[in-house]
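Q: Provided herewith is a single structure, encoded as structure tokens, for subsequent inquiry.
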Amino acid sequence: MASFHGNKINPSRFGIGQVKFFVFLIPLGIVMILPIVFMFSQALKPLDELFLFPPTFLVRQPTIENLVSLLSLKDMSVIPVTKYLFNSVVVSVSVVALALLTSAMTGYALSKKKFKLRKTLFEINTIALMFVPAAVTIPRYLIVEKLGLINTYWGHVLPLLALPVGVFLVKQFVDQIPNELIEAAAIDGARDTAVFLRIVMPLIKPAMATVAILAFQTVWNNAETSSLYMSKETLKTFAFYMTTLSTTIGNNVAGQGVAAAAALVMFVPNLIIFIFMQSKVMDTMAHSGLK
């Protein structure tokens, strides 16, 4: 036990008892990281390496030429790639922030507040988990069109804002908070806002971190809102631009390098946010709650 900190999941020092875990986890980790290494390698390969036969797994002479070509590439409407990236960043940040807020508030209300149709609303949310995106495409379009959100940034945000899995997860975490704690805070004069921000939010950090990951991955990789609700090219996102690369650059040799660089750009933000958030999720899930 001397190798462990009381407020951390992972041991701070190596112990002989950890050998059995390394024997299993190191080979598994190597296998799982190979696709990521290959993606970076492909994006950094010069043109003469992309079509070598037999193909090479690792890049021999890394270059950022593909990334530079991607950022300088313009489509038929003379829209720079940076504009698509900007749109993706704005939409992703907006959706994640609003999804966290709505999921936390909804989960808290469904768990700790007593009102009519509370159970019915939660059951509707649970049923919504079973719907595939294609099943709600037409209703979503009708709502967005009636609200006048076509060709606006809100046309990107609103369809992706509803996150049933986020509400479900937060609600399950809030259920673990003792009612006595909230009642004691109310007796001390704390209002609902103070209870929510100072008591509930710190205790549901694992759920909030998970919701942030799910929301970001959903919006960052989504091209549907651009193709359905945006006719203006300047409002479309980088995920949509990825789907048009085959027609924009054709099937030539140079185009394959640009496509590999674009795939890397799409992947890296997901990797970064997962690396930072998963550590927080693991530590907080193990040690959050009342002591």
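Q: Tell me, in nm to one decimal, what length is gained between Q176 and V90 on full extension, where the rule is 0.36 nm per residue of separation less the Cα-Cα distance? Could you put the intermediate results ahead of the total?
A: Details: separation 86, 0.36 × 86 = 30.96 nm, distance 3.43 nm.
My answer for the length gained is 27.5 nm.
Q: Let me ask something else about it. Nearest 10 degrees, 0 to 90: what angle lies between the long axis of helix 81-112 and the longest principal axis of the chain (Cα atoms)?
A: Once rounded, one gets 20 degrees.
Q: Normalise the Cα radius of gyration of the range 91-245 by 2.2 N^0.38 Å (N = residues in it) and let me know the number.
A: On the way: Rg = 17.8 Å, N = 155, 2.2 N^0.38 = 15.0 Å.
Dividing the Cα Rg of the range 91-245 by 2.2 N^0.38 Å gives 1.19.
Q: Find out how many positive minus negative residues lie around D192, taking Lys and Arg as positive, Asp and Glu as negative, among other residues whose Cβ is under 10 Å from that of D192.
A: Numbers: positive: K112, K113, R191; negative: none.
Computed value for this residue: +3.
Q: Taking 29 Å as the cut-off for C-alpha to C-alpha distance, list the pairs among K146/K232; K45/K205; K83/K146; K146/K236; K114/K205; K119/K205 that go past it.
A: Listed pairs above 29 Å: K45/K205.
Q: Does the chain come out rounded, prolate or oblate by the C-alpha gyration tensor, with a ≥ b ≥ c the root eigenvalues, rounded set by a/c under 1.5 and, if not, prolate when a/b is larger than b/c and oblate if not? If you can, show how the numbers build up before the last one.
A: Values: a/c = 2.78, a/b = 1.29, b/c = 2.15.
Since a/c reaches 1.5 but b/c is at least a/b, the shape of the chain is classed as oblate.
Q: Need one number: nm distance between label points at L121 and A135, each 7 Å from Cα along Cα→Cβ, rounded to one decimal.
A: Reported label-point gap for L121 and A135 is 2.2 nm.
Q: Still on this structure, please answer the following. In nm², what is the average projected area of the convex hull enclosing the Cα atoms of the range 11-63? Write down the numbers at each step before the final one.
A: Details: hull surface 21.8 nm².
With every direction weighted equally, the projected area is 5.4 nm².
Q: Continuing with the same structure: Per DSSP H run of n ≥ 4, the term is -39500 (n - 2.57); total these for the chain, divide by its residue number, and report the mean residue ellipticity at 222 nm rounded to 500 deg cm²/dmol. It would help to have the intermediate numbers written out before the result.
A: On the way: 15 runs with 192 residues, N = 291.
So the calculated ellipticity at 222 nm is -21000 deg cm²/dmol.
Q: Here is a follow-up. Ranked highest first by the average count of other Cβ atoms within 10 Å around their residues, in what order do 232-243, 48-59 fall? Can you show the working numbers first?
A: On the way: 232-243: 19.5, 48-59: 11.6.
Ranking, from highest mean packing down: 232-243, 48-59.
Q: Another question, then. Please give the per residue accessible area of the range 11-63, computed with a probe of 1.4 Å over protein heavy atoms only, in Å².
A: Numbers: 4040 Å² over 53 residues.
Each residue of the range 11-63 exposes 76 Å² on average to a 1.4 Å probe.
Q: Which of the aspartates and glutamates could be linked to K112 by a straight reach, that is with a Cα gap under 14 Å, when you skip same-chain ones fewer than 8 residues away?
A: Correct list for K112: D175, E180, E183, D192.
Q: Can you tell me the orientation of helix 205-220 relative to the chain, as the angle in degrees between its alpha-carbon axis and the longest Cα principal axis, to the nearest 10?
A: Compared with the principal axis, the helix lies near 30 degrees.
Q: How large a share of the accessible area of the range 11-63, in percent, is made up of carbon and sulfur atoms when the probe is 1.4 Å and the other protein chains stay in place?
A: Values: 3200 of 4040 Å².
Using a 1.4 Å probe with all protein chains present, the range 11-63 comes out at 79 percent carbon and sulfur.
Q: What is the helix-to-structure angle for 137-146, meaning the angle in degrees between its Cα long axis and the longest Cα principal axis of the chain, kept from 0 to 90 and rounded to the nearest 10?
A: Computed tilt is about 80 degrees.
Q: Related question: How big is the Kirkwood radius of the range 40-140, worked out from every pair of different alpha carbons and given in Å to one decimal?
A: On the way: mean 1/r = 0.0530 Å⁻¹.
After inverting the pairwise mean of 1/r, the radius is 18.9 Å.
Q: Okay, moving on. When the accessible area of the range 75-287 is split by element with a 1.4 Å probe, what percent falls to carbon and sulfur? Could the numbers behind the result be given before it?
A: Numbers: 7600 of 11290 Å².
Of the solvent-accessible surface of the range 75-287, carbon and sulfur hold 67 percent.
Q: Pop the C-beta distance of I64 and A223 into the FRET formula with R0 = 30 Å and round what comes out to the nearest 0.05.
A: E(calc), rounded to 0.05, equals 0.70.
The values are calculated or read from the model by the stated rules, or taken from the named source; none is laboratory data. Since the model is a prediction, treat every value here as computed from it, not as a measurement. Virtual Cβ from ideal backbone geometry, glycine too; neighbours counted across all protein chains shown. Each accessible area value is taken on the protein alone, full model and side chains, heavy atoms only, with ligands, DNA and RNA left out. Shrake-Rupley method; radii C 1.70, N 1.55, O 1.52, S 1.80 Å.
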